[in-house]
Amino acid sequence: MTDDHPLACSALDKTYRLGKSTLPILRGIDIAFPARGLNTIQGASGSGKSTLLQILGGLEAPDRGEVRWQGESIYGFSRARLAAWRNLTVGFVFQAYHLFPELTAVENVDFPARLARRGDTEMSKALLDQVGLGSRLHHLPAELSGGEQQRIAIARALRNNPALLLADEPTGNLDQATGHGIVDLLLRLQGERQNCLIIVTHDNAIAALGQQRYHLTDGRLDPRSD
Ligand SMILES: Nc1ncnc2c1ncn2[C@@H]1O[C@H](COP(=O)(O)OP(=O)(O)O)[C@@H](O)[C@H]1O
Ligand SMILES: [Mg+2]
């Protein structure tokens, strides 16, 4: 059902090769994500969570298997179409924020819209207001706290109103209270936009919030119900 589950993958394999040694990371992952709601993924450090998110988000091709968006295999897209799909359909939030250090808050947020030739700083200002940073529009990332930088990263990730928001340990660099504030923000925005949010986290309390909860172990994604 591609309407209900626009993002799906089947038989995903990924192995890293370092010299003569091979490191199988993902082994035959089959999963479909609902169009709306929170999915959480846990797993030991090095289990392949970031690799999986990058494959799902069109940043890294698997060795085998497919990632489909609305029934189409994204790694079959041309490079240009894949880049445009990523920019318009996927928002990424990373543990280390990954803002452009030389751009102000509002310039960071407007960047994905400019890439799509839809730049509009008024809309980016409104989005910064929504994440509580309306008074920090012209600050550079280095002039802001970690929690503030992550709020900017979230605003940037949502700038093109993506159907899919992928957050890779978004609270990993933050103290617990700030981190939970970030998750509250992600959930509020998910509720307003009704998109698909996938959060990778080590925090059991955050993982427990997922309507779908998964654990990545030995290259497989297992549903969790505890
Ligand atoms: N580009 C790469 N080349 C080789 N090995 C990699 C590469 N990226 C990740 N790895 C290895 O693959 C494993 C999974 O990495 P990652 O997906 O980052 O795990 P996680 O996010 O769960 O901590 C780790 O052992 C890591 O060292
Ligand atoms: Mg990781």
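The values are calculated or read from the model by the stated rules, or taken from the named source; none is laboratory data. Remember, predicted model here, so these are calculated numbers, not experimental data. For neighbour counting, all protein chains shown are included, and Cβ atoms are generated from backbone atoms with ideal geometry for every residue, glycine included. Areas reflect the complete protein model, heavy atoms only, side chains present, ligands, DNA and RNA absent. Shrake-Rupley method; radii C 1.70, N 1.55, O 1.52, S 1.80 Å.
Every residue, every condition in (1) at pLDDT 95 or above; (2) within 21 Å of Gln95 (Cβ to Cβ), yes or no:
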{"position": "Thr2", "(1), (2)": "no, no"}
{"position": "Cys9", "(1), (2)": "yes, no"}
{"position": "Asp13", "(1), (2)": "yes, no"}
{"position": "Leu18", "(1), (2)": "no, no"}
{"position": "Gly37", "(1), (2)": "yes, no"}
{"position": "Thr40", "(1), (2)": "yes, yes"}
{"position": "Gly43", "(1), (2)": "yes, yes"}
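With the structure loaded, tell me whether Arg68 is open to solvent by 50 Å² or more (accessible area, probe 1.4 Å), in a strand (DSSP E or B) and more than 16 Å from ligand 1 (Cβ to nearest atom) or whether it fails that test. So Arg68 fits the description; yes.
Test Thr201 against the stated conditions and say whether it is surrounded by 15 or more Cβ atoms within 10 Å (Cβ to Cβ), within 16 Å of ligand 2 (Cβ to nearest atom) and over 22 Å from Arg86 (Cβ atoms).
yes
Filtering the range 113-139 to residues that are aliphatic (A, V, I, L, M), open to solvent by less than 60 Å² (accessible area, probe 1.4 Å) and without any contact (Cβ under 8 Å) to a residue 40 or more places away in the chain leaves Ala126, Leu127, Leu128, Leu133, Leu137. Looking at (1) assigned to a loop (DSSP other than H, G, I, E, B); (2) more than 16 Å from ligand 2 (Cβ to nearest atom), which one does Tyr97 not meet, given that it meets all the others? Going through (1) assigned to a loop (DSSP other than H, G, I, E, B); (2) more than 16 Å from ligand 2 (Cβ to nearest atom) one by one, Tyr97 breaks only (2).
If a residue must be in a helix (DSSP H, G or I), touching a residue at least 40 places away in the same chain (Cβ under 8 Å) and open to solvent by 20 Å² or more (accessible area, probe 1.4 Å), how many such residues does the range 1-58 contain?
Result for the range 1-58: 1.
Go through Gly43, Gly48, Gly65 for me and flag whichever is within 23 Å of Arg220 (Cα to Cα), out of contact with any Lys or Arg (no Cβ under 8 Å at 6 or more places or on another chain) and not charged (D, E, K, R). Going through Gly43, Gly48, Gly65 in turn, just one is within 23 Å of Arg220 (Cα to Cα), out of contact with any Lys or Arg (no Cβ under 8 Å at 6 or more places or on another chain) and not charged (D, E, K, R): Gly65. Close Cβ contacts (under 7 Å, 6 or more residues apart or on different chains) running from residues in the range 66-88 that are farther than 19 Å from His5 by Cβ and touching a residue at least 12 places away in the same chain (Cβ under 8 Å) to residues that are open to solvent by 60 Å² or more (accessible area, probe 1.4 Å) and outside any loop (DSSP other than H, G, I, E, B) comprise Asn87/Leu115. So, of the residues in the range 85-112 that are within 16 Å of ligand 1 (Cβ to nearest atom) and surrounded by 19 or more Cβ atoms within 10 Å (Cβ to Cβ), which turns out to be farthest from Gly181 (Cα to Cα)? Checking each candidate, the answer is Phe92. The single condition among (1) open to solvent by less than 40 Å² (accessible area, probe 1.4 Å); (2) under 26 Å from Ala83 (Cα atoms) that Ala163 does not satisfy is (1). Among the helices (runs of 4 or more DSSP H) confined to the range 126-216, the ones with at least 2 residues that are closer than 17 Å to Glu107 by Cβ and over 13 Å from the mean Cα position of the chain (by Cα) are located at 146-158. With respect to Ile74, is the statement that it is within 16 Å of ligand 2 (Cβ to nearest atom) and either within 18 Å of the chain's Cα centre (by Cα) or exposed (fewer than 14 other Cβ atoms within 10 Å of the Cβ) (or both) true? No: the conditions fail for Ile74.
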